[in-house]
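Enquirer: Once you've had a glance at the structure underneath, I'll fire off some questions.
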There are 2 protein chains.
Amino acid sequence: MAPLHEHSDCPGCAAPDLAFATHDHAHCAADALSRAEVVTSAAGARLTPVRRRVLEILLEEHWALGAYDVLARLATEGFGNQPPVAYRALEFLVEQGLAHRIQRLNAFTACTHPGEAHAPAFLICRSCSAVAEAVAGPVRAALDEAAAQVGFSIERSTIEALGLCPACREATA
Amino acid sequence: MAPLHEHSDCPGCAAPDLAFATHDHAHCAADALSRAEVVTSAAGARLTPVRRRVLEILLEEHWALGAYDVLARLATEGFGNQPPVAYRALEFLVEQGLAHRIQRLNAFTACTHPGEAHAPAFLICRSCSAVAEAVAGPVRAALDEAAAQVGFSIERSTIEALGLCPACREATA
DNA sequence: GCTTGACCTGTTATGATATTACATTCATAG
DNA sequence: CTATGAATGTAATATCATAACAGGTCAAGC
């Protein structure tokens, strides 16, 4: 799929470490939303009000939200306030590649590169909680290689790192 | 730390894909236990009865057990039957590098290479539930490189792959 | 325009995983 | 032998997740 705008025009969108870089976040979020429209309609799926709203909520910040955090937001806005409401919308977004589940945090984050095929790796700052999607190609390749050596075939992978983002490392030092 | 025996003498222990290979499991488990004694005493820690028993339970099979599974076993053997009993022992084993937590499964597995420094990667068979520790050096190196590119410093990493082990892939085909 | 069927949303209820707080027991250094 | 810190036991509760079913929405085809 072609990007909806030239990323080289957009300082921030071009960065792999989007979440850690200062950038035009309103643009970043609006772009993700419009890509979401494209992705879902191409898949013959419907980006309904709840689903769209959940994505908007995830897009507000570059960190991960628990399902119950999302649910609380939804409830104040007139949507249902039972867990399945949030879990179903989140599951849909993950299936469509519009959001990711962070296993370490039992939480969800909006995808910063929707519509682009990628097996993501996540960098999670333990100080400010920001979550960035790293360039995962080489990591995934190394993992595939390790699996191939023992005859294991990988279907899904979880690659997450916990540590300090540049800004927090700076602040700590 | 020097290994407690020559692994080249031990078909199975030499394999990186121990969990997927047929091997002398009694030996494998006994070896892990004796290494555990060494590791804990070297660290000035105590391998108490509960802790030792939890490790033995994890060592019975090469798959991951939930904290409540472990707890149920402990309870039938006269140990406490409240969650903290299991969680504390498991936490201790993880701290000592004698067990690992599998984030994807919310479960724990005995380490197959205790006493050897390693940032592990796990291969989880979705069919037989076996969990193997893969050779993770190159994977971790690639992840470190990706993190370094954006100035992120990694403290802990989670690398897990879900798929089919050689035997189950064979059986499915 | 009606029907029908698929999908989506909402709710109840429950299950699964994990932690806090505090009381008690145990091992060991002094 | 006793003081001390570590380990264990227990109750209570917090947090995360799903099963099962009822009702509503919407668009395709008649």
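The values are calculated or read from the model by the stated rules, or taken from the named source; none is laboratory data. As the structure is a prediction and not an experimental result, all values here were calculated from the model. Because the Cβ atoms are built from the backbone with ideal geometry, glycine has one as well, and the counts that use them run over all protein chains shown. Note: areas computed on protein heavy atoms with side chains; ligands, DNA, RNA excluded. Shrake-Rupley method; radii C 1.70, N 1.55, O 1.52, S 1.80 Å.
Enquirer: What strands (runs of 3 or more DSSP E) completely inside the stretch A:120-165 contain at least 3 residues that are in contact (Cβ under 8 Å) with a residue 40 or more places away in the chain, outside the structural domain of A:H100 (by TED's automatic domain parsing) and aromatic (F, W, Y)?
Expert: none
Here is a yes/no grid of residues against (1) among the aromatic types (F, W, Y); (2) closer than 23 Å to A:Q103 by Cα; (3) surrounded by fewer than 19 Cβ atoms within 10 Å (Cβ to Cβ):
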| site | (1), (2), (3) |
| --- | --- |
| A:A45 | no, no, yes |
| A:T48 | no, no, yes |
| A:R51 | no, yes, no |
| A:L58 | no, yes, no |
| A:G66 | no, yes, yes |
| A:D69 | no, yes, yes |
| A:E77 | no, no, yes |
| A:Q82 | no, yes, yes |
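Enquirer: Moving on to the next point. Can you give me the number of residues within the stretch A:81-104 that are within 10 Å of DNA strand D (Cβ to nearest atom) and either away from chain B (no Cβ under 14 Å) or over 13 Å from the mean Cα position of the chain (by Cα) (or both)? Walk me through how you get there before you give the answer.
Expert: Step one: list which residues in the stretch A:81-104 are within 10 Å of DNA strand D (Cβ to nearest atom), which gives A:82-88, A:90-91, A:101-103.
Still in the list and also either away from chain B (no Cβ under 14 Å) or over 13 Å from the mean Cα position of the chain (by Cα) (or both): A:82-88, A:90-91.
Going through the stretch A:81-104 one residue at a time, the tally reaches 9.
Enquirer: Hey, another quick one. Being open to solvent by 20 Å² or more (accessible area, probe 1.4 Å) and either more than 7 Å from every other protein chain (Cβ to nearest Cβ) or more than 16 Å from the chain's Cα centre (by Cα) (or both) is the filter here; which residues of the stretch B:125-141 pass it?
Expert: Selection gives B:R126, B:S127, B:C128, B:S129, B:G137, B:P138, B:R140, B:A141.
Enquirer: Restricting to the stretch B:105-123, count the residues that are more than 11 Å from DNA strand D (Cβ to nearest atom), modelled with pLDDT of 95 or more and within 14 Å of chain A (Cβ to nearest Cβ).
Expert: 5
Enquirer: Restricting attention to the stretch A:1-32, which residues are at pLDDT 60 or above, of a type in the set (A, V, I, L, M, F, W, C) and either under 14 Å from A:A110 (Cβ atoms) or exposed (fewer than 14 other Cβ atoms within 10 Å of the Cβ) (or both)?
Expert: A:C13, A:A14, A:L18, A:A19, A:A26, A:C28, A:A29, A:A30, A:A32, listed by residue number.
Enquirer: Go through the stretch A:70-105 and count every residue that is under 25 Å from A:A121 (Cβ atoms), touching a residue at least 24 places away in the same chain (Cβ under 8 Å) and in a helix (DSSP H, G or I).
Expert: Our first condition is that a residue be under 25 Å from A:A121 (Cβ atoms); within the stretch A:70-105, this holds for A:70, A:87, A:89-105.
If we keep only those that are touching a residue at least 24 places away in the same chain (Cβ under 8 Å) as well, we get A:70, A:89-90, A:92-93, A:96-100, A:102-105.
Narrowing the set further to residues that are in a helix (DSSP H, G or I) leaves A:70, A:89-90, A:92-93, A:103-105.
Number of matching residues: 8.
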